[in-house]
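Colleague: Let me begin by handing over the structure; questions about it come next.
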Amino acid sequence: MTAKLKMSQSDAACAEGSICINNLNVYYGDRHALKNININLPTRSITAIIGPSGCGKTTLLKCFNRLIDSVDDITVTGQVLVDGDDIFAPEAEVTDIRKRMGLLSQRPYPLPMSIYENVAFGPKLHGVKEKSKLNEIVEHYLKEASLWDEVKDRLNTPASRLSIGQQQRLCLARGLAVEPDIILGDEPTSALDPISSHHIEQKFLELKKEYTIVVVTHILRQARRIADYLIFMYMGEIVEHGPAKEILENPKEKRTQEYVKGIIS
Amino acid sequence: MKRYKIEEKVFNVLMKVATGIILLSLIWILATIVYKGLPYMSWDMVSRTPQGGFYMGKEGGVLNAIVGSLYLAGGSTILALFISLPVVLYLNVYRRKKSAFSTFIRSSLDILWGIPSIVYGAFGFTLMLLFGLKTSLLAGIITLTLLIIPIMIRAMDEVMLTIPKGLFEASYSLGATRFETATKVAIRKTLPGIVTAILISFGRAVGDAASVLFTAGFTDNIPTSLSQPAASLPLAIFFQLGTPVPEVQGRAYASALILTLLILAISLSSRYFTKRYLKNKI
Ligand SMILES: Nc1ncnc2c1ncn2[C@@H]1O[C@H](COP(=O)(O)OP(=O)(O)O)[C@@H](O)[C@H]1O
Ligand SMILES: [Mg+2]
């Protein structure tokens with residue numbers, strides 16, 4: 001009875017567009033990659049996950065849209081609630097979960113088709129058929145990702161012809177076109193030149209008004225620039241989390257202090 | 001001289017010699033076929049079936065074998081495609097994880113690839129006896145299908161294995177199912193490779209004599225149904241070369257020339273196709 005009550009409380013706390021994680025554990029075979037993760041991510045703001053490489057940042061992010069499913073020999077226990085729905089529940093539809101999130105990966109992977117089709121891919125899958133509607137969507141989201149002016153004359157050329165920076169913005173447009181509430185980024189600027197990186201960061205700052213954004217980054221300065229909320233991970237655990245300012249200026253844990261000062265990296 | 005310089009020199013010479021040998025034998029083969037076959041090439045060769053006394057040097061052509069080969073190779077390639085594509089997509093999209101099962105499938109196919117075609121011929125023949133089939137186009141197609149499936153699957157598999165994991169994840173993260181990812185992303189990404197795999201298989205099917213010998217048989221007529229026997233170019237070459245008549249032996253080389261041109265045409269058109277595709281699509 002109490003357990004049930006607790007459940008519904010955490011459900012209630014998990015508002016639309018937010019991600020709540022209860023007792024999440026992930027094992028790759030025997031390797032314990034995420035240990036007892038408990039955290040609620042704030043909505044309509046940018047949460048940055050920082051920590052040395054191999055600490056489990058990507059793993060955590062992949063739990064949110066269940067890309068983790070396709071890994072060999074994986075065990076996931078615990079709960080991840082998105083908009084209050086347990087996404088690992090047996091009845092959860094994985095495609096519905098993924099529709100609620102856009103993903104930017106470490107380097108852009110344009111789909112093997114034209115610029116136009118890349119953006120239209122998601123909406124088409126989810127039932128938009130009218131050409132005029134698709135045109136509208138493509139234009140809207142390319143503008144949203146500040147790519148429209150650069151590509152409006154060559155929408156039908158292969159997406160692979162774009163520069164890496166443009167490709168990453170295309171991936172952003174493509175992700176936004178499925179109308180998610182949440183944007184996930186796994187070191188989305190690590191393959192980009194400084195100007196393209198700046199583009200993406202600016203975009204995130206604009207988008208946070210409407211979206212919940214979770215970005216993995218190993219660049220502390222980037223976290224400082226864009227994050228409202230910060231999660232510091234170390235060896236599969238969340239060491240400390242809180243408003244970005246507090247963590248960066250006044251870390252409580254020794255490991256966080258060392259990381260922020262650049263002693264562990 | 002420094003050691004690495006000598007190494008480089010030796011290697012350089014070796015490479016050139018090897019390349020030379022390959023080019024030379026290729027040119028030699030082509031030259032022989034053209035030199036011996038061209039004088040016997042005629043409109044009759046490609047437009048008529050063997051008439052009475054053809055194998056003694058009388059009139060006619062090998063249209064029966066040309067059409068038979070196209071039927072056999074075309075039929076088996078299409079049939080093999082319908083079997084191979086699902087297997088390849090299953091291995092690469094549905095069972096992306098490395099499992100004992102997929103390793104087992106891949107090594108089985110590699111072994112099947114290595115089995116000589118006469119064994120497939122014999123196996124096809126046993127199947128025919130089992131099902132009470134006569135030598136026929138159908139039996140030939142089925143046997144050739146078995147022969148080329150391992151080639152087709154492994155050739156497609158190799159290109160699918162090169163698709164980066166991130167591309168699959170990108171598709172999934174947009175809410176695509178595995179089926180949609182397979183058909184809309186994986187196939188498109190590897191289309192040139194898939195076409196190549198199909199053509200390699202077609203080439204193998206059109207050039208194989210041993211597996212159709214017992215199964216499709218040989219006939220001077222063009223088959224009008226799947227249950228009739230069918231001729232093929234490799235066997236036409238074989239039978240004509242086996243006669244003592246110089247005229248007929250010359251026609252064997254002409255038939256070889258036809259077979260070579262057929263394969264060349266297919267290979268060139270596929271190249272053209274993939275080039276255009278690469279330019280416009282991916
Ligand atoms: N597919 C996998 N199979 C086995 N171990 C993995 C796999 N992916 C990641 N790991 C391990 O899990 C740990 C966390 O990895 P990851 O989440 O990628 O870290 P990060 O993104 O913080 O660098 C690492 O120690 C890594 O070696
Ligand atoms: Mg990572």
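Colleague: Looking at B:Val93, B:Val67, can you tell me which residue is assigned to a helix (DSSP H, G or I), among the β-branched types (Val, Ile, Thr) and within 14 Å of chain A (Cβ to nearest Cβ)?
Modeller: B:Val93
Colleague: Among the residues of region A:45-88, write down those that are more than 11 Å from ligand 2 (Cβ to nearest atom), assigned to a loop (DSSP other than H, G, I, E, B) and away from chain B (no Cβ under 14 Å).
Modeller: A:Ser45, A:Asp83, A:Gly84, A:Phe88, listed by residue number.
Colleague: Could you grab me the full set of residues in region A:198-219 that are in contact (Cβ under 8 Å) with a residue 60 or more places away in the chain, within 16 Å of ligand 1 (Cβ to nearest atom) and surrounded by fewer than 17 Cβ atoms within 10 Å (Cβ to Cβ)?
Modeller: The answer is A:His218, and nothing else.
Colleague: Now, a different point. Out of all the residues in region B:238-282, which are assigned to a loop (DSSP other than H, G, I, E, B) and surrounded by 13 or more Cβ atoms within 10 Å (Cβ to Cβ)?
Modeller: Kept after step one, since they are assigned to a loop (DSSP other than H, G, I, E, B), are these residues of region B:238-282: B:242-245, B:281-282.
Result: B:Thr243, B:Val245, B:Lys281, B:Ile282.
Colleague: Going through region A:144-197 one residue at a time, which ones are within 16 Å of ligand 1 (Cβ to nearest atom), in contact with a Leu (Cβ under 6 Å, 6 or more places away or on another chain) and within 12 Å of chain B (Cβ to nearest Cβ)?
Modeller: If the condition is that a residue be within 16 Å of ligand 1 (Cβ to nearest atom), in contact with a Leu (Cβ under 6 Å, 6 or more places away or on another chain) and within 12 Å of chain B (Cβ to nearest Cβ), then A:Leu184, A:Gly185, A:Asp186 are the ones that fit.
Colleague: Exactly one of these conditions fails for A:Leu172: (1) free of Cβ contacts under 8 Å to residues at least 60 places away in the same chain; (2) surrounded by 23 or more Cβ atoms within 10 Å (Cβ to Cβ); (3) closer than 30 Å to B:Lys279 by Cα. Give me its number.
Modeller: Exception for A:Leu172: condition (1).
Colleague: If a residue counts only when it is free of Cβ contacts under 8 Å to residues at least 24 places away in the same chain, over 18 Å from the mean Cα position of the chain (by Cα) and within 14 Å of chain A (Cβ to nearest Cβ), which helices (runs of 4 or more DSSP H) contained entirely in region B:102-178 have at least 1 such residues?
Modeller: Output list reads B:165-173.
Colleague: Counting only residues that are crowded, with 23+ Cβ neighbours inside 10 Å and in contact with a strand residue (DSSP E or B) (Cβ under 6 Å, 6 or more places away or on another chain), which one in region A:100-142 is farthest from the other protein chains (Cβ to nearest Cβ)?
Modeller: A:Leu104
Residue-by-condition table, conditions (1) under 18 Å from the mean Cα position of the chain (by Cα); (2) of a type outside the set (D, E, K, R):
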residue	(1), (2)
A:Asp69	yes, no
A:Gly78	no, yes
A:Val82	yes, yes
A:Tyr116	no, yes
A:Ser132	no, yes
A:Arg154	no, no
A:Arg174	yes, no
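Just so you know, all these numbers are worked out from the coordinates, no wet-lab data involved. Model, not experiment: these values are computed from the prediction. Glycine also receives a Cβ, built like all others from the backbone with ideal geometry; neighbour counts cover every protein chain displayed.
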